[in-house]
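First the structure, which I've put down as structure tokens, then a few questions once you've had a look.
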Amino acid sequence: MGSIKKYVAEFIGTMVLVIVGCGTAMTVGCDAAIGSGYILTAFAFGLAIVALAYSVGNVSGCHINPAVSVAFWVNGDLGTKDLCGYLCSQVLGAIAGAGILKGVFALGDIKDMTGAIGSNGLAGVGGNIAAGLIVECILTFIFILAILGVTSKKANHGNVVGLVIGLTLVLVHILGIGLTGTSVNPARSFGPALITAIAGNSTPITDVWVFIVGPLAGALLAAVAYRFLAGEPEEEKKD
């Protein structure tokens, strides 16, 4: 039952993240000429993480992101069984969140300012796939490195963890929104892209692999870098 609760928490958390984050982007838009849209969307994603960290965090750790789960798995803090459960729950949660947004906006006849349920794209980098991969890799590296650092100290648990992680997500969104829409989360990208494709727009789903590969590569690099940086020097071990 414990594992089921974790998976349900990850499903709910990822669904809420997509509804709040992508929903804000759909409402205010992310046009470069209107900077407030950038800031509102960045804070929507970050504050959603803060709220979720202090609600479902005590159940599942509030990963709500495959990149986070993979990083914890690489560092030995998440078992393979739970990794699979978390990934499935996160993807399904993102799809559910995107589906809810699509339904609400359709029922209310509300204009989607992003045109694709807040899907990520490569327009900001001129359609260049390599640039998109690099941006997502770097932004995810920064995000995951902060998560691994702040969660490594038990004294931080229940105190500043959620706030630090949420603000770091705001940080990477402020830079990344104008470039790729900021994914750093494969589930968050896949859900809206899939629902958009079902609705008849195949462009987001065509490019979605960039927002899966880039964040996962960044997560792996962050996990390896953190293990190196935080590892105890050999001479200290001998003492």
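Please work out if THR114 is hydroxyl-bearing (Ser, Thr, Tyr), part of a loop (DSSP other than H, G, I, E, B) and closer than 20 Å to GLN90 by Cα. Before the answer, list the steps.
Details: hydroxyl-bearing (Ser, Thr, Tyr): yes; part of a loop (DSSP other than H, G, I, E, B): yes; closer than 20 Å to GLN90 by Cα: no.
In short, no.
Going residue by residue through segment 148-157, is there one that turns out to be touching a helix residue (DSSP H, G or I) at 6+ places or on another chain (Cβ under 7 Å) and modelled with pLDDT of 95 or more?
yes
Ok, one more. Filter segment 77-86 down to residues that are in a helix (DSSP H, G or I) and buried (at least 19 other Cβ atoms within 10 Å of the Cβ), then give me how many there are.
The qualifying residues number 3.
How many residues are over 17 Å from the mean Cα position of the chain (by Cα) and either touching a residue at least 40 places away in the same chain (Cβ under 8 Å) or part of a loop (DSSP other than H, G, I, E, B) (or both) if we restrict to segment 152-195?
So the count comes out to 7.
Assess whether GLY37 counts as being over 18 Å from the mean Cα position of the chain (by Cα) and either buried (at least 20 other Cβ atoms within 10 Å of the Cβ) or among the polar types (S, T, N, Q) (or both). It would help to see each step written out before you state the result.
On the way: over 18 Å from the mean Cα position of the chain (by Cα): yes; either buried (at least 20 other Cβ atoms within 10 Å of the Cβ) or among the polar types (S, T, N, Q) (or both): yes.
So GLY37 passes the test.
Among the residues of segment 34-44, is any in contact with a Cys (Cβ under 8 Å, 6 or more places away or on another chain), over 28 Å from ALA217 (Cβ atoms) and touching a residue at least 24 places away in the same chain (Cβ under 8 Å)?
yes
Here is a further query. Which numbered condition trips up LYS102, out of (1) surrounded by 20 or more Cβ atoms within 10 Å (Cβ to Cβ); (2) in contact (Cβ under 8 Å) with a residue 60 or more places away in the chain; (3) of a type outside the set (S, T, N, Q); (4) assigned to a helix (DSSP H, G or I)?
(1)
May I pose another question? Could you list, in sequence order, all residues of segment 196-213 that are free of Cβ contacts under 8 Å to residues at least 12 places away in the same chain, part of a helix (DSSP H, G or I) and closer than 16 Å to ILE95 by Cα?
Passing the criteria: ALA197, ILE198.
If you don't mind, another one. Against the condition over 19 Å from VAL164 (Cβ atoms), more than 12 Å from the chain's Cα centre (by Cα) and surrounded by 22 or more Cβ atoms within 10 Å (Cβ to Cβ), how does MET26 come out, does it pass?
Considered against the rule, which asks whether it is over 19 Å from VAL164 (Cβ atoms), more than 12 Å from the chain's Cα centre (by Cα) and surrounded by 22 or more Cβ atoms within 10 Å (Cβ to Cβ), MET26 comes out as yes.
The values are calculated or read from the model by the stated rules, or taken from the named source; none is laboratory data. Keep in mind that what you see is a predicted model, and the values were worked out from it rather than measured. Here the Cβ is made from the backbone with ideal geometry for all residues, glycine too, and neighbour counts use every protein chain on show.
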